[in-house]
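Student: Please see the structure below; I have some questions.
The values are calculated or read from the model by the stated rules, or taken from the named source; none is laboratory data. No experiment lies behind these values; they were computed from the predicted model shown. Ideal geometry is used to build each Cβ from the backbone, glycine not excepted, and the neighbour counts take in all protein chains shown. The accessibility values were calculated without ligands, DNA or RNA, using every heavy atom of the protein model including side chains. Shrake-Rupley method; radii C 1.70, N 1.55, O 1.52, S 1.80 Å.
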Amino acid sequence: MNSIYSFLLFLFILPVAYGGLKDGFYATSCPRAEFIIREVVKNRLDSDPSITAALLRMQFHDCFVRGCDASLLIEPSQKEKEPEKLAPPNKTVRGYELMNEAKEKLEKECNSTVSCADIIAVATRDAVELAGGPRYEIPTGRRDGLESKASQVNLPSPTLPIPQAVELFKDKGFSAREMVTLLGGHTVGIAHCSNVNTDRMHPGLSFWLTTTCASDPDKTVKLDQGTPEAVDNEFYTQISLGRGVLKLDQDLPFHGLTSGAVSEYRANLEVFRADFAKAMIKLGTVGVLVDGEGEIRNQCWAFNN
């Protein structure tokens, strides 16, 4: 059985081209691009294991607004006073300095060639693999967006009922199963105490979190109570045992639209790894700009002049 799932995983992560994106896009123009990004990620991960969760969240928050165009990275400026990063759901997004470091190194290697949107996608892929998750080939060739507005940010809330969450994901082209797959990124995530929900929570965990969070709602807690620094399927076991932290996570095992996928992922790590690889590749294709669209930013935090 394991050999079958290993074959499926191999099949699912073969290089794929998606409408203007392709595997090895920088093979000629910047051959060391992905190596440079990986080294930056690895160095950061060695000192900060939480960067995997931060990058997963960054990619999701970027791609689910205007598409995967690095619009989330833009700092306030005269041109854009209220960019996406100032929207309430984005105020706790981390990892911007890693993007800037990678971009600076890439500009020295091959000026005005590698987009910030591609840096996000490749860096997240590498962080997932280095944290024990699947290795998948990510097609590249994205270009950076020319607009970033906080008013356009509409991300799934952790308090959403399952049907509404499924509809939001459906609007971006994802099935209910793929929603469950992508939420598996919470295997390495954290939440602020202010977002903790105890409705379906195991009494022991509820008591501990209530005590822990009582003094400071800005404290953070792990979303996966089992293996919080590894990209694996333990998250699904934890939420099935009443050890989820967010309402949306807690409801997944108990709703007809999502319970089947939770049970399957809980039972089989290889199925989750294969599906997570596919879902992350698909996430990276949402609303991409290619060819002559957008621009290649000189700095990730600012539009070109």
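Student: Given axes a ≥ b ≥ c from the Cα gyration tensor, I'd like to know whether the range 61-194 is rounded (a/c under 1.5), prolate (a/b larger than b/c) or oblate.
Tutor: Verdict is oblate for the range 61-194.
Student: Which of the peptides 110-121, 275-286 is most tightly packed, and how do the rest follow, going by the mean number of other Cβ atoms within 10 Å of each residue?
Tutor: So the order, starting with the most tightly packed, is 110-121, 275-286.
Student: Roughly what angle does helix 269-283 make with the longest principal axis of the chain, taking Cα atoms, 0 to 90 degrees, to the nearest 10?
Tutor: Tilt of helix 269-283: around 40 degrees.
Student: Testing the spin-label approximation: label points 7 Å from Cα along Cα→Cβ at residue 27 and residue 199. State their distance in nm.
Tutor: So the label points at residue 27 and residue 199 sit 5.1 nm apart.
Student: Dividing the Cα convex hull volume of the range 164-305 by residue count, how many Å³ per residue is that?
Tutor: 149
Student: Which far-off residues, 5 or more places away or on another chain, put their amide H under 5 Å from the one on residue 190, with H placed in the peptide plane?
Tutor: Here the answer is 223, since their amide H atoms fall under 5 Å of that of residue 190.
Student: What 222 nm value per residue comes from the helices of the chain, counting each DSSP H run with n ≥ 4 as -39,500 (n - 2.57) and dividing by all residues, nearest 500 deg cm²/dmol?
Tutor: One gets -13000 deg cm²/dmol as the mean residue ellipticity at 222 nm.
Student: Given Cβ point charges of +1 (Lys, Arg) and -1 (Asp, Glu) and nothing else, what value in debye, to the nearest 20, does the dipole of the chain about its Cα centre take?
Tutor: Its charge dipole is roughly 220 debye.
Student: Please turn the phi angles of the range 31-47 into ³J(HN,Hα) values with the Karplus equation 6.51 cos²θ - 1.76 cosθ + 1.60 (θ = phi - 60°), one per residue in order, whole Hz, x for glycine and proline.
Tutor: x, 9, 4, 5, 5, 4, 4, 4, 5, 4, 5, 4, 4, 5, 5, 4, 9
Student: I've got another one for you. For residue 170 and residue 75 in the same chain, what is the full-extension length gain: residue separation times 0.36 nm, less their Cα-Cα distance, in nm?
Tutor: Length gained between residue 170 and residue 75: 31.2 nm.
Student: Which order do the peptides 20-32, 58-70 come out in when sorted by mean C-beta neighbours inside 10 angstrom, highest first?
Tutor: Most protected by this proxy first, the peptides run 58-70, 20-32.
Student: Rounded to whole Å, give me the distance from the Cα center of the range 112-150 to that of the range 39-62.
Tutor: Between the Cα centres of the range 112-150 and the range 39-62 lies a distance of 11 Å.
Student: Name the aspartates and glutamates eligible as straight-distance cross-link partners of residue 22: C-alpha to C-alpha under 13 Å, and not fewer than 8 places from it in the same chain.
Tutor: Partners within reach: 118, 137, 291.
Student: On to the next question. First check a/c for the range 198-243, with a ≥ b ≥ c the square roots of the eigenvalues of its C-alpha gyration tensor; if it is under 1.5, answer rounded, and if not, answer prolate when a/b is larger than b/c or oblate otherwise.
Tutor: oblate
Student: Determine which aspartates and glutamates satisfy two conditions relative to residue 79: a Cα distance under 13 Å, and not lying fewer than 8 residues away in the same chain.
Tutor: 147
Student: If you don't mind, another one. Students often forget the sequence filter, so: which aspartates and glutamates lie under 15 Å Cα-Cα from residue 91 once same-chain residues fewer than 8 apart are removed?
Tutor: 62, 75, 82, 218
Student: Can you work out the Karplus-derived ³J(HN,Hα) for every residue in the range 243-250? Use 6.51 cos²θ - 1.76 cosθ + 1.60 with θ = phi - 60°, whole Hz, and x for glycine or proline.
Tutor: 10, x, 10, 9, 4, 4, 5, 4
Student: Would you indicate which of [x] 15.7; [y] 19.6; [z] 18.3 is the value of mean projected area of the Cα convex hull in nm² derived from the coordinates of this structure?
Tutor: The calculated read-out lines up with [x].
Student: Then there is this: What does the charge dipole of the range 163-305 about its Cα centre add up to, to the nearest 20 debye, if the Cβ of each Lys and Arg holds +1 and the Cβ of each Asp and Glu holds -1?
Tutor: Numbers: 13 positive and 18 negative charges, 42 e Å.
Roughly 200 debye for the range 163-305.
Student: How large is ³J(HN,Hα), in whole Hz, for each residue of the range 223-232 in order, when computed from phi with the Karplus curve 6.51 cos²θ - 1.76 cosθ + 1.60 and θ = phi - 60°, using x for Gly and Pro?
Tutor: These are the phi-based 3J(HN,Hα) values: 7, 10, 7, x, 10, x, 10, 10, 7, 8 Hz.
Student: Nearest 10 degrees, 0 to 90: what angle lies between the long axis of helix 162-171 and the longest principal axis of the chain (Cα atoms)?
Tutor: 20
Student: Over the range 49-104, what lengths in whole Å, largest first, do the semi-axes of the equivalent ellipsoid take, defined as the square roots of 5 times the eigenvalues of the alpha-carbon gyration tensor?
Tutor: Three semi-axes, in Å: 18, 14, 11.
Student: For the range 151-302, what is the number of Lys pairs with C-alpha distance below 23 angstrom, counting only pairs 8 or more positions apart or on separate chains?
Tutor: Lysine pairs, 8 or more places apart or on different chains, close enough: 8.
Student: While we're here: Roughly speaking, what is the stretch gain from residue 299 to residue 48, that is 0.36 nm per residue apart minus the C-alpha to C-alpha distance, in nm to one decimal?
Tutor: Length difference between fully extended and current span is 88.0 nm.
Student: On the full set of protein chains, 1.4 Å probe, figure out the accessible area of residue 301 and give it in Å² to the nearest 10.
Tutor: Its accessible surface works out to 110 Å², give or take rounding.
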